[in-house]
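Bear in mind these aren't lab numbers, they're just calculated from the coordinates by the rules spelled out. Because the structure is a prediction, the values reported are computed rather than measured. Cβ atoms come from the backbone with ideal geometry, glycine included; neighbour counts cover every protein chain shown.
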Amino acid sequence: MSDAGRAASAGAPISIARLDHLVLTVADIDRTCAFYTRVLGMEVLRFGEGRTALRFGQQKINLHAADNIPGLVADKPTPGSGDLCFITELPLAEIVAHLGRCGVAIVAGPGPRAGAIGTIQSVYIRDPDMNLVEISNY
Amino acid sequence: MKIERIDHLNITVADLDRSIEFYERLLGVRSERMGEGRAALLFGNQKIHLDLAGASPMTAEKRMPAHICFITEAPLAEIAAHVEACGVSIRMQGPRAGAIGTIQSVYIDDPDKNSIEIATY
């Protein structure tokens, strides 16, 4: 099929509403769960056959153990390669105070950044696998 | 502290133009250039940053080896038809465990071999 024919037959493109989940490959699932529940208030969800996710709002992060990677995954699942930004309604000063109480070091910020729908106020931390985690407020 | 949602995540790509063209065509997202070696794919109230490998000081040393699941309201048959019309191979399709219930999903690979799931509740 020609490119033009392909484009015509594709019809109206599908429209994406939001992310549902993504996968983080981690060295130690229990360590990651402890961090994300304590620092970011996420809920641990056990599902399927021994699978684990971190749930928040309408979204979740599925966790894969680096030493037990299932069949259908990304090309190079690697602990510590993630770079994610989360939204909270907590003001920046309270985010910073909370991270201080949790004993988590701020590696960049606080400061303004370009969020998906406007300017966010952000701080950056590292999770136990050294993923870069941005915590932000509109 | 309570997390509402993901705002964005960053994936490192080998070719910005190739990735923008792929995601615009396949997922109907809008793109925005953000200076040298950087772009964003916009949808709903979220976005994905594309970082050209090695171009940005904030780029992780390792490439983001992503599995990402996107939600659309299009039914599974339409998702599959659209993906095939785009000339993209479906690796797997069927019911999966979504964040808030069972989703019907189509799995594909993006040009950097990230595993991409397109799903509907």
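If every alpha-carbon in the protein assembly as shown counts as one equal scatterer, what log10 I(q)/I(0) does Debye give at q = 0.10, 0.11, 0.12, 0.13 1/Å?
Listed by q, the Debye log ratios stand at -0.47, -0.58, -0.69, -0.81.
Determine, from the Cβ-Cβ distance of A:M130 and A:S15 and an R0 of 35 Å, the FRET efficiency 1/(1 + (r/R0)^6), rounded to the nearest 0.05. Numbers along the way, then the final one.
On the way: r = 35 Å, r/R0 = 1.00.
The formula returns an efficiency of 0.50 here.
Applying the Karplus parametrisation 6.51 cos²θ - 1.76 cosθ + 1.60 with θ = phi - 60° to the phi angles of the range A:116-131, what ³J(HN,Hα) value in whole Hz is obtained for each residue in order, glycine and proline being reported as x?
5, 10, x, 7, 10, 9, 10, 10, 10, 10, 10, 8, x, 8, 6, 4
Quick one: Debye curve from the alpha-carbon atoms of the range A:85-138 only, equal weights, vacuum; give me log10 I(q)/I(0) at q = 0.18, 0.20, 0.27, 0.28 Å⁻¹ to two decimals.
One equal scatterer on each Cα of the range A:85-138 leads to -0.52, -0.64, -1.11, -1.17.
Would you tally the net charge around A:L90, using a Cβ to Cβ cut-off of less than 12 Å, leaving A:L90 out, and scoring K and R as +1, D and E as -1? Could the numbers behind the result be given before it?
Values: positive: B:K2; negative: A:E89, A:E94, B:E4.
With Lys, Arg at +1 and Asp, Glu at -1, the net is -2.
List the residues whose amide H sits under 5 Å from the amide H of A:S81, counting only those 5 or more places along or on another chain, with H placed 1.01 Å from N in the peptide plane.
none
For chain A, what does the helix formula give at 222 nm: sum of -39500 (n - 2.57) over DSSP H segments with n ≥ 4, over the residue count, nearest 500 deg cm²/dmol? Spell out each step's value before the answer.
Working: 3 runs with 31 residues, N = 138.
Taking each H run of at least 4 residues, the total per residue is -6500 deg cm²/dmol.
What are the residues whose amide H is under 5 Å from the amide H of A:M42, where those residues sit 5 or more places off or on another chain and H is modelled from the backbone?
A:T37
Indicate the gyration tensor shape class of the range A:4-138 (rounded, prolate or oblate), computed on the Cα atoms with a ≥ b ≥ c the square roots of the eigenvalues: a/c under 1.5 is rounded; otherwise a/b larger than b/c is prolate and the rest oblate. The partial results should precede the final answer.
Working: a/c = 2.08, a/b = 1.23, b/c = 1.69.
Taking the square roots of the gyration eigenvalues as a ≥ b ≥ c, the range A:4-138 is oblate.
For chain B, what is the calculated [θ] at 222 nm in deg cm²/dmol (nearest 500), taking -39500 (n - 2.57) for each run of four or more DSSP H residues and dividing by its residue count?
Details: 2 runs with 22 residues, N = 121.
Estimated from H runs of four or more residues: -5500 deg cm²/dmol.
Hey, can you grab everything whose amide H is under 5 Å from the amide H of B:I90? Only 5+ residues off in sequence or another chain; H modelled, so Pro and N-termini drop out.
Here the answer is none, since no amide H 5 or more places off falls under 5 Å of that of B:I90.
Which net charge results when you count Lys and Arg as +1 and Asp and Glu as -1 among the other residues whose beta-carbon is under 13 Å from that of B:Q104? Intermediate results must be reported in sequence, preceding the final value.
Numbers: positive: B:R96; negative: A:D20, B:E73, B:E78, B:E117.
Within the 13 Å Cβ shell, the charges total -3.
Do any GluC sites (Glu not before Pro) in the range B:9-38 lie in a DSSP loop with no more than 12 other beta carbon atoms within 10 Å, and if so, which? Intermediate values should be presented prior to the final figure.
Details: sites: B:E21, B:E24, B:E32, B:E36; in loops: B:E36.
Here the GluC sites (Glu not before Pro) that fit, given the DSSP loop and packing criteria, are B:E36.
Using DSSP loop states and a limit of at most 14 other Cβ atoms within 10 Å to flag GluC sites (Glu not before Pro), what is the longest stretch of chain A containing no flagged site? All intermediate terms of the calculation are to be shown ahead of the outcome.
Values: sites that count: A:E49, A:E89.
Between exposed loop sites, the widest span is A:90-138.
Compute the angle between helix B:16-27 and the longest alpha-carbon principal axis of chain B, please, reported from 0 to 90 degrees and rounded to the nearest 10.
20 degrees
One quarter of the convex hull surface, Cα atoms only: what value does that give for chain B in nm²?
Values: hull surface 32.8 nm².
With every direction weighted equally, the projected area is 8.2 nm².
Obtain the nm distance between the two label points defined at A:A27 and B:A81 by a simple spin-label model: each point lies 7 Å from its Cα along the Cα-to-C-beta direction.
Roughly 4.9 nm, to one decimal.
May I ask for the angle, rounded to the nearest 10°, between helix B:76-85 and the longest principal axis of chain B, with both axes built from Cα atoms and the value confined to 0 to 90°?
Once rounded, the angle reads 50 degrees.
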